[in-house]
Structures are given as structure tokens and as C-alpha cells.
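Working notes, structure below.
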Amino acid sequence: MTNAPGLNLPRFDGRTNLREDVAASIRAALVTGTMQPGELYSAPRLAEQFGVSATPVREALLDLVTEGHFEVVRNKGFRVRRLSSAELDDLAEVRLFLEPPGMAAAARSAVDPGIAAAIEALRPLAHRIVDYARDGDLLAYIAADTEFHVEFLAVHGNVQLVDLVRDLRTRSRLFGLEKLKESGALSVLAEEHIRMVDLGAAARADSLESLTREHIGHVRKEWADSHLESDG
């Protein structure tokens with residue numbers, strides 16, 4: 001069983017919304033590949049790392065079981081599920097059905113100065129994403145990346161769309177970030193967020209839709225590597 005303290009997880013002692021905080025942190029560790037497929041974790045050991053009791057950690061892990069990230073191993077703990085290539089393809093395909101048109105719809109509304117201003121307000125967050133990529137802070141990068149995309153889609157005003165995309169993002173895993181960081185490619189990808197703000201605020205819907213499709217394509221083509229389970 002994996003020794004939880006080696007994961008470099010944050011401490012949440014003193015926090016009030018422990019279940020959600022723990023779940024968000026574990027999701028980030030999964031997405032970046034810090035917690036590997038096939039590895040087994042116990043709630044008490046993870047709780048020691050987080051500085052909280054085992055109860056909110058166990059509740060968070062059960063939530064992640066529901067999301068498809070873990071499976072319960074009776075009397076042992078929780079094992080990280082392996083995503084197959086087909087599963088990741090399916091998730092990426094659904095995102096392609098939803099996100100590019102949603103971003104384009106927000107951009108089309110930017111002929112309204114108020115909508116354009118709402119998109120422009122995302123620019124500081126886009127720059128933070130670039131900073132996180134440059135500094136190699138992968139957990140902060142993933143959190144900011146998700147926040148950026150759901151907030152951009154929220155400009156369109158479709159709450160159901162925002163909830164669906166957030167759920168799809170929590171179920172995806174972006175392996176290979178460490179390699180992209182080392183090569184400098186992550187910073188290039190991060191800068192696409194700034195371009196998205198440029199295009200959205202300028203109401204260039206078609207160009208934004210194309211860029212968003214390319215951006216999501218990185219999830220499957222460049223960020224998924226040998227950690228994935230073979231379909232054969």
C-alpha cells in the first residue's frame with residue numbers, strides 16, 4: 001500500500017468543508033498522475049497527510065468511487081482505477097460536443113459590452129495559468145484551468161452546460177503533464193487561454209471554437225500516455 005505522506009498533499013486542519021477540499025485535492029493528484037492507476041490507498045493514511053480525521057477522507061474517496069476514479073478493495077482501501085483508451089476517447093468526444101460550441105456562443109454574445117467585459121475579466125486568471133505552467137505548479141495549473149473553462153462557459157448563461165463540463169473535467173485525467181512541463185510545451189498550451197480571452201472578448205466566435213477544439217485535443221493526443229490501460 002502506498003505511503004500517503006509521500007504524495008505531498010496539502011494539510012486541511014482548520015478547514016470547515018473538509019469533504020469537498022479533500023476530494024478536490026485528490027482529483028488534482030489523479031489528474032496530474034501523482035496518484036497512479038492501480039495503486040492502493042487507505043483513508044487513515046491519507047488523513048494523516050491532510051491533517052484531518054479519516055471520516056471526511058473516506059467520504060471523499062467514496063465520492064470519487066462514484067465518479068469512476070477509484071474502486072473499493074474490501075478490507076484494504078481504495079484502488080485508483082485505470083482509464084482505458086476508449087474511456088478517455090469517449091470523455092474527450094463529449095467535451096468536444098459541448099465546450100467549443102459553448103465557448104463560441106459566449107463569444108457571439110460579446111457584441112454586448114457587458115458580456116465582452118465578463119470575458120475580459122478572465123484575463124488575470126488566464127495569466128495565472130501561464131504562471132503556474134512556467135513555475136511547474138501542476139496542481140494549481142489544473143485547478144485554474146478548470147476554473148477558467150467553467151467560468152468562460154458560465155458567461156453563456158447555461159447552468160446545465162457548466163455543470164456537465166465541470167463533471168467531465170473531474171472524470172478526465174491528464175497524464176503526461178510532468179513531461180510537458182519539462183519540455184516547455186505546457187507553457188505553450190497555457191498561453192492558449194490568453195488567446196481564448198482575446199478571441200472571446202472580440203466576439204470572434206468561429207476562431208474561438210476552432211482554438212477550443214485544438215485545446216481539448218491535447219487531452220487525448222499529448223496528455224495521455226502509457227499510464228492508460230490497453231484496450232486489447
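The values are calculated or read from the model by the stated rules, or taken from the named source; none is laboratory data. Please read all numbers here as calculations on a predicted model, not as lab measurements. Using ideal geometry, Cβ is built from the backbone for each residue, glycine included, and neighbour counts are taken over all protein chains shown. Surface areas here come from the heavy atoms of the whole protein model, side chains and all, with no ligands, DNA or RNA. Shrake-Rupley method; radii C 1.70, N 1.55, O 1.52, S 1.80 Å.
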(message) over 27 Å from M35 (Cα atoms) and of a type in the set (A, V, I, L, M, F, W, C): which single residue out of F148, F152 fits that description?
(response) F152
(request) Mind telling me which of the residues R45, R27 ends up being touching a Ser or Thr at 6+ places or on another chain (Cβ under 7 Å), farther than 24 Å from E214 by Cβ and not hydrophobic (A, V, I, L, M, F, W, C)? (result) R27
(request) Taking the residues in region 35-60 that are under 17 Å from the mean Cα position of the chain (by Cα) and free of Cβ contacts under 8 Å to residues at least 60 places away in the same chain as candidates, determine which candidate is surrounded by the fewest Cβ atoms within 10 Å (Cβ to Cβ). (result) M35
(message) For region 102-135, which positions are over 20 Å from L189 (Cβ atoms), open to solvent by 50 Å² or more (accessible area, probe 1.4 Å), out of contact with any helix residue (DSSP H, G or I) (no Cβ under 6 Å at 6 or more places or on another chain) and part of a helix (DSSP H, G or I)?
(response) V111, P113, A117
(request) Give region 136-156 a look and list any residue that's modelled with pLDDT of 95 or more, part of a helix (DSSP H, G or I) and open to solvent by 20 Å² or more (accessible area, probe 1.4 Å), or say none. (result) E151, A154
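Right, D163: open to solvent by 20 Å² or more (accessible area, probe 1.4 Å), within 30 Å of A60 (Cα to Cα) and assigned to a helix (DSSP H, G or I) or not?
When the stated conditions are applied, D163 passes them.
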(request) Collect the residues in region 71-89 that are farther than 16 Å from D167 by Cβ and free of Cβ contacts under 8 Å to residues at least 40 places away in the same chain, keeping them in residue-number order. (result) E71, V72, V73, R74, N75, F78
(request) Write out, first by first residue and then by second, each pair whose Cβ atoms fall under 7 Å of each other, whose residues are 6+ apart or on separate chains, and whose first residue, in region 107-133, is closer than 19 Å to N158 by Cβ and modelled with pLDDT of 95 or more while the second is part of a helix (DSSP H, G or I) and of a type outside the set (A, V, I, L, M, F, W, C). (result) A107/G200; A110/G200; I115/S109; I119/G200; L122/E151
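Within region 84-94, does at least one residue satisfy the condition of being crowded, with 18+ Cβ neighbours inside 10 Å and within 21 Å of V159 (Cα to Cα)?
yes
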